[in-house]
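To start, the structure itself, in structure tokens.
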Amino acid sequence: MTSTAQSSRSRTRHTGAAAVALTAVTALLAGCSSGDTSDNPLAGEKAGAGTVVVGSNNFAESTLLADIYGEALRAKGIKVTYKHNIGSRETTYGLMKNGSITVLPEYNGSLLAYLDPEAEQKSADAVNAAVKAKLDKELTLLESSPAENKDSVSVNTETAKKYGLTSSSTLADLKDVAPEMVIGGSPEFQTRRQGLEGLKSVYGLEFKSFKALDAGGPLTQEALTRNTVQAADIFTTDPTIVKEKFVVLKDPENLFGFANVTPLVHKDGLSRKGVDALNAVSAELDTQTLLDLDAQVQLEKKDPLDVAKAWLKSAGLA
């Protein structure tokens, strides 16, 4: 399976796709007390000796992840500063290469799609190997977490109850009932392999009809909530899943590729102790945990730094 279709979608989600919510995110970050945060996240100065600079892109989950990984380093006595809310991957990757950022929470499949849009994505390990082969010589990936933020087909509670679907159900379980369901998503979802074409060819799903909405945004969320559509393309760590009790169907054939949270690091800027601390975080972070933490920040309006510290303590990492 190639990632051509995924490339466009992944870039939208994990680079500049937060532009729609940028005002809200900026307001949220204004109250963030991460400490030692650079006044200018685009400043190109290299990190001072012994200081690890942790960066984030301009959407709420990236900021939360930066706080989680950064505070795990601080718990090991490592000096940390933050460059939050930087912007798109095109910007952050350049800052990583020149050493202005030491650590950046990334998504492995999305990063590969940026580095090589034609690359195949057959497994998480293969994706990571392909990324490492394409990275600038000063950079490397650490271990991936099980946590993923990627496309999914999710159903609302009414539909789940009607067809007996649970969090253990897979896309294959829709085969007999899909003809009774309307599915929603971005206009591109109708023609992409990682959309209706793949759902038909991989899982044999043919839906009653398709409703063009937006890319996992408020139109799609509202349509699924109101049962205008019974299934929809929703990102796996979208807090709406928690709020509306959507059921995310498993994708055992990996139609939607890979988007594991994975630290990207500048080789010269992180000690072995720092590497071990970040890998320990990744080992404990799964999709459900990240979804719950996102909900605390985005729905309950908690400070992401406070959420990060509380989770690290509960996981025995701080």
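Any read-out appearing in this document is the output of simple, stated calculations on the displayed coordinates, not a laboratory observation. Note that this is a predicted model, so its numbers are computed, not measured. Here the Cβ is made from the backbone with ideal geometry for all residues, glycine too, and neighbour counts use every protein chain on show.
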Inset, instruction - Would you grab the residues whose amide H sits under 5 Å from the one on Lys79? Only those 5+ places off in sequence or on another chain, please, with H modelled 1.01 Å from N. - result: Val52
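Taking the number of other C-beta atoms within 10 Å as the exposure measure, put Ser123, Ser100 in order starting with the fewest.
Details: Ser123 11, Ser100 23.
The most exposed by this proxy come first: Ser123, Ser100.
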Inset, instruction - Would you grab the residues whose amide H sits under 5 Å from the one on Glu106? Only those 5+ places off in sequence or on another chain, please, with H modelled 1.01 Å from N. - result: Thr262, Leu264
Legend entry - Average Cα contact separation per residue, segment 153-248, under 8 Å, 6 or more apart, as relative contact order %: 41 percent
Legend entry - Estimated inter-spin distance, Lys97 and Thr166, nm [label 7 Å along Cα→Cβ]: 5.0 nm
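If you count, for each residue, the other Cβ atoms within 10 Å and average over each peptide, how do 66-72, 294-300 line up from highest to lowest?
66-72, 294-300
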Inset, instruction - Taking each pair of different alpha-carbon atoms in segment 153-248 once, compute 1/r for the pair, average those values, and report the inverse of that mean as the Kirkwood hydrodynamic radius in Å to one decimal. - result: 12.9 Å
Legend entry - For Val153, net neighbour charge (Lys/Arg +1, Asp/Glu -1) across residues whose Cβ lies under 10 Å away: -2
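At a Förster distance of 51 Å, what's the computed FRET efficiency of Gln190 paired with Arg272, Cβ-Cβ distance as r, to 0.05? It would help to have the intermediate numbers written out before the result.
Numbers: r = 49 Å, r/R0 = 0.95.
Efficiency at R0 = 51 Å is approximately 0.55.
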Inset, instruction - Provide the FRET efficiency to the nearest 0.05 for the Lys132-Asp292 pair, computing r from the beta carbons and using R0 = 30 Å. - result: 0.50
Legend entry - Dipole magnitude of segment 153-248 about its Cα centre (Cβ charges: Lys, Arg +1; Asp, Glu -1), debye to nearest 20: 120 debye
Legend entry - ³J(HN,Hα), Karplus 6.51/-1.76/1.60, whole Hz, each residue of segment 217-224, x for Gly, Pro: x, x, 5, 5, 4, 5, 4, 6
Inset, instruction - Per residue of segment 265-275, in order, report the coupling 6.51 cos²θ - 1.76 cosθ + 1.60 (Karplus, θ = phi - 60°) as ³J(HN,Hα) in whole Hz, putting x for Gly and Pro. - result: 10, 8, 4, 7, x, 9, 6, 4, 4, x, 4
Inset, instruction - State the extension gain, in nm to one decimal, for the chain segment bounded by Asp116 and Asp306, taking 0.36 nm per residue of separation less the distance between their alpha-carbons. - result: 64.8 nm
Legend entry - Taking Phe246, Phe210 and counting other C-beta atoms within 10 Å, the order from fewest to most: Phe210, Phe246
